[in-house]
Structures are given as C-alpha cells and as structure tokens.
Ligand SMILES: Nc1ncnc2c1ncn2[C@@H]1O[C@H](COP(=O)(O)OP(=O)(O)OP(=O)(O)O)[C@@H](O)[C@H]1O
C-alpha cells in the first residue's frame, strides 16, 4: 500500500473533522512564524548591545533593551505554549476520533462476515486481533505524527529556510546543501532499523505469547514436570530479544552520532560564512546568532526524520492488512428477501456437497429431510459431518453443490437474521461471555424480565444452584463449572423460545443427574417444534422420529431406531459399541437383581 493510498483511505475518516483540521493548520502556521521570533530578537539584541558598547554606554542605558527583549521572548513563549497545546490537543482529538471510527468500522465488518472468514488462516482469532490493533495503531501514529510532528516541524523548517534565503542567498544555500546528506543518513538509519525493529517486535510477541502459554498450560507443564524445559525455551527467547535490543540501540547511537556530526559541520560552515560576511561589512555581528538559530529550526525536523520515516513504513506495512479486513466485501454474510415468519421448519438437503474454506470436504452428496414439528437425530462417528449439516442449516456456510431448501424455498433466499431469530442452537461447548449469570442468560432475549430469566434458569435446572452462590444471578458466569455453563446455554434457549431447535451434543458435559433433568426439560420444549439433535448418547436419540446415520461425510442409513437396529448396518454397529462401552449387560443384570430383591421383599 502506498502512502498516497493510505491518505486516500483516511480522507473520509478525517473529513468530518475538517474544521478542526483547518484550525490545527492555522495554529501550525502561527506556530512556525512564532518559532522564528528568537533568531530575530537575538540578532537585534546582539547588534544593539554591540552599538551601545561602541558608544561606551553601560548597564543603565541597556536596561530598556533588556526589558524589551525579555518581554518579547516571554510573550512569544506564552503564545507558543498555547499554540503547542492547541496543536497537540486538537491533533490528538482528531487522532482519537479517527482511531475509534476505524476500530468500530473493523468490528462492524468482522461481525457481518460469514464464518468462513474467521477460519481463513490469516484471520484466526489472534491474527485478526493483531491485524486490527496494529493497523489502527500504526495509522494513528501516522495521523498523530502528521499533526504533532511532521506538520509543525516542517512548517518551521520551511519558514526558517525562507528567512535564511531572504537574509543571504549563500547562507540559505549552505543550509539547503546539508539537507540531502542528512536525508540520506536518516533514510539509511530508518531502513536499518526497519529490519531490526520488525525482528524485535516479533520476538516481543513471542515472549509475551510464551508467558500466556505458560499460564494456560500450567497444569500440563507441572504434571509432566517440564518446568526446566519451558524455562530454557523462554531463556533462549530472552537472549535473542536482548541481542535484537542491543542491535537497535547500536544502530541508533551510530546514526544519531553521524547526524549530529553533519549538523555541526553545517553550523561550522554557516558560522564561517556569516563571519566572513560580517568582517566584510555586509552584515551586522548579530547575524551569526541569527543564522545559527535559523539553521537549528531547519535541522530540528530532520533530526526526527528517521522516526517519522520508520513510523510511515510501519503504517505502510500494517495498514494493508487492516484495510483488507475492511474491504473483504465478498465475505459479508449473504441474505435474502424472504421472511421466515410462517415457516413450518421442513428442511430438505438434496445431493449436497460441502467443502470448508480450508479445503476439507465434509459432506458428499448428502440427501435428507428434516420434517417440521418432528425430532430428527444425526448419528455417526466423530468427523462424520453431523455438525457441518447444522452449520449449513443455520446458514453459517452455504453448500457448494446441491439444494438446501426450507419449506420448499432455497435457504439462501431467506433473510439470514430473521431466520436465525427462529433458530435455537445449543452446542457441546457454548460460549460464556465475561459478565454475570443474569447477563449471560439474557443473551437469549435481551429485554427479558428477571422473572423470565429465573423461569428459564429453573427449566434448565440451574436456578437452585444459582441461589446457592454468594452473589446469586450477579455471580461471574465464567467461574461456573462446565456443566453449569452448559445449563446457561440451555436456559438461553428456553428464553429465546424458538420454533426450530438444533442441539449438538447438548448434554455432553453434564453429570448423569443433570443429563436426566435436562433431557426431561428438552423433551418438554421439543413438543411441536422442529428439532435436530446430534448426540453420541443413545438415550438422546432412540426416541427421535427419524434418525440419519452418517459416515465419512455421506448419509448411509435412515429410519427409526427399531428399523435401523434391525438393519444391522452402521447404526447397529454404533449402537452395539455404545452398549458395550456402557457395560449395559452388567447394568441390566444389577437392575434385574435389584428388581427381584424388591419383589422378594414385597412377597
Ligand atoms: N471450521 C472448520 N474448518 C475446516 N474443517 C472443519 C471445520 N469444522 C469441521 N471441519 C472438518 O469437517 C469434517 C466434519 O466435521 P464435523 O464437525 O461436521 O463432524 P461431526 O460428525 O460433527 O464430528 P463430532 O462428532 O466429533 O463433533 C471433519 O473432518 C472436520 O475436521
């Protein structure tokens, strides 16, 4: 991305603040004129003092001059303080507003992209976060630099150069002659730092990620007694970091020294030239001070050049990744005009193929019908493609080939948000947001009353457990156990009360008692609704109106439990394996013996 392109992209963001920008520019102009006051005042002072000395005048006659000079310099400083405050404050104001609009735009876009966008290798959670943070940060540095550094410093330099040329063309030429050398050294410095800084940055990221990983995997590290191994890994990183830090410092010291040398050579030339002109009677003695101070105004911005160049490079590097996020228009979720208000909930998949963006083909020529108002179960071994079907039914992804219909209409033709309002989804692992239990359940219906939230929690068999917590519904939801968090997800479903329900292993992380309670609750909510359930637990699926059996992305069998059992195919294989893993024979025997005992006692 070129600098021009960045300016073009930032323009609409800065445009709403045009008055502020104009005001800041005006302040910059006044500031750059004020910056030239010192050289003029000092030249006047030196020349006047010189002429007073020539006339044998002393301190008494010079008092007025001192008063005037002090007044001028202090007055200028007071004005300068206000100007600098204005420049920095308004520059910062523009920067902060532009940065929050940019971040908000990125969030808006990301929220509206389809799921495939997140699973793209460049957009995985951490990477996306880094791209947004780095992009906004580097662009903002550019905006900030422009108003706070680049603009004021360069305005000062240009005004100072003009004054120098007006005073004497040769002096102006000496000042200009130093600039290319200065530019070249700064360019070399920035170029060299660019490489080392990038290395330094990635090492810092690795280091901080390393610490996060240690905390996340503390249990595994400790249980395998790998503390020394992890410490050595971090130690190596630390050493690389130290080397990179030292290299950056070394480069800076070297080039800064060179620049100071060139600047001083410039000062020496200006002193020699001005002294020559003074001795030749072409200038007053005050011109020496005058030219040195003006040259200082010219070289000040160039001293910052490598930093400005460096930050510009950073903006060029990171802004591309950031604007790519804003520009991913083809990833925006597709929607249609059809409102699903009266939908019955009959889904038809005909010859559906589906491949994830990563290239994994999860479904091959799948045909199935999910009947409205009935419970359909999807059964199959891990990775068979069951969750993928739910992903397609929720419109998280679109099928690659084949037809996907809802009530006879293509699913793609439905309004995506309206459709999702009618769907309730409970997964094996549901996200619990940072916040209270009440806030987390409320996610199912944002304007629910506390009574409705409590009722939903009761249906999910969570209410009594919440009341036992010291802060009740205000407790931190992320501190709950896995099973309790699962019940929050189920409470959300009860609160949302949708006509279509997709359950993907809804009771996987619950204990036996909770599983039974939730099963009873879900059985109640299932009545009259379209339900698709995925479960490895037989108890959850044997009652289903229709069971589809999947194997390696293909639909291999379908029917009721009894029909599939008799078929002696894949379903029967899974069923028998489940029965064996549950040790059903022994459990049944215990239950029969227990029953006999009860009968004996009764008899
Ligand atoms: N987001 C994704 N990106 C890429 N591939 C995926 C994604 N989700 C699933 N897959 C792949 O698609 C295939 C089917 O996965 P799916 O989750 O649908 O299986 P499943 O039958 O639900 O399995 P399980 O019972 O373990 O949940 C697997 O090979 C899986 O690796």
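Within the chain, what percent of beta bridges assigned by DSSP are antiparallel, to the nearest 5? The antiparallel fraction comes to roughly 50 percent.
Between residue 356 and residue 162, the C-beta separation translates, for a Förster distance of 51 Å, into a calculated FRET efficiency of about 0.20.
Nearest 5 percent is fine: what portion of the DSSP beta bridges confined to segment 347-573 is antiparallel? Antiparallel bridges make up about 50 percent of those DSSP assigns within segment 347-573.
Rounded to the nearest 10 degrees, the inclination of helix 37-54 to the longest alpha-carbon principal axis of the chain is 20 degrees. On the basis of the beta-carbon distance and an R0 of 45 Å, residue 177 and residue 108 show a calculated FRET efficiency of 0.30. Note on residue 73 and residue 320: the extension gain reaches 84.3 nm, defined as 0.36 nm multiplied by sequence separation minus the Cα-Cα distance. Can you compute the modelled spin-label distance between residue 542 and residue 245, with each label point 7 Å from Cα toward Cβ, in nm? Result: 6.5 nm between the two label points. Between residue 396 and residue 205, the contour length at 0.36 nm per residue exceeds the alpha carbon distance by 65.5 nm.
Averaging 1/r over each pair of different alpha-carbon atoms in segment 38-189 and inverting the result gives 20.8 Å, the Kirkwood hydrodynamic radius.
Taking all Cα pairs closer than 8 Å and separated by 6 or more residues, the relative contact order of segment 71-230 comes to 18 percent.
Here the extension length gained between residue 590 and residue 365 equals 76.5 nm, from 0.36 nm per residue of separation less the Cα-Cα distance. Helical content alone sets the calculated 222 nm signal of the chain at -22500 deg cm²/dmol, taking -39,500 (n - 2.57) per DSSP H segment of four or more residues and averaging over every residue. When the square roots of the Cα gyration tensor eigenvalues are ordered a ≥ b ≥ c, the ratio a/c for segment 437-570 is 1.5 or more and a/b exceeds b/c, which makes its shape prolate.
Take 228-237, 285-294, 409-418, 550-559 and order them by the average number of nearby Cβ atoms within 10 Å per residue, most first; the result is 285-294, 550-559, 409-418, 228-237. If you plug the beta carbon distance of residue 333 and residue 276 into 1/(1 + (r/R0)^6) with R0 = 51 Å, you get a FRET efficiency near 0.10. With the convex hull drawn around the C-alpha atoms of segment 246-331, the volume per residue stands at 114 Å³. Give the angle, between 0 and 90 degrees and rounded to the nearest 10, that separates the Cα long axis of helix 482-496 from the longest principal axis of the Cα atoms of the chain. That works out to roughly 90 degrees. I want to make sure I understand the PRE zone here: with the label point 7 angstrom from the Cα of residue 451 toward its beta carbon, which residues in segment 486-502 have backbone N atoms less than 18 Å away? What the label zone holds, given the 18 Å backbone N cut-off, is 495-496.
For the chain, what does the relative contact order come out to in percent, with C-alpha contacts under 8 Å and a separation of six or more? This gives 15 percent for the chain.
Angle of helix 227-279 to the longest C-alpha principal axis of the chain, folded into 0 to 90 degrees and rounded to 10: 20°.
Read the figures in this text as sums done on the coordinates, not as results from a lab. These numbers were taken from a predicted model, which means no experiment stands behind them. Virtual Cβ from ideal backbone geometry, glycine too; neighbours counted across all protein chains shown.
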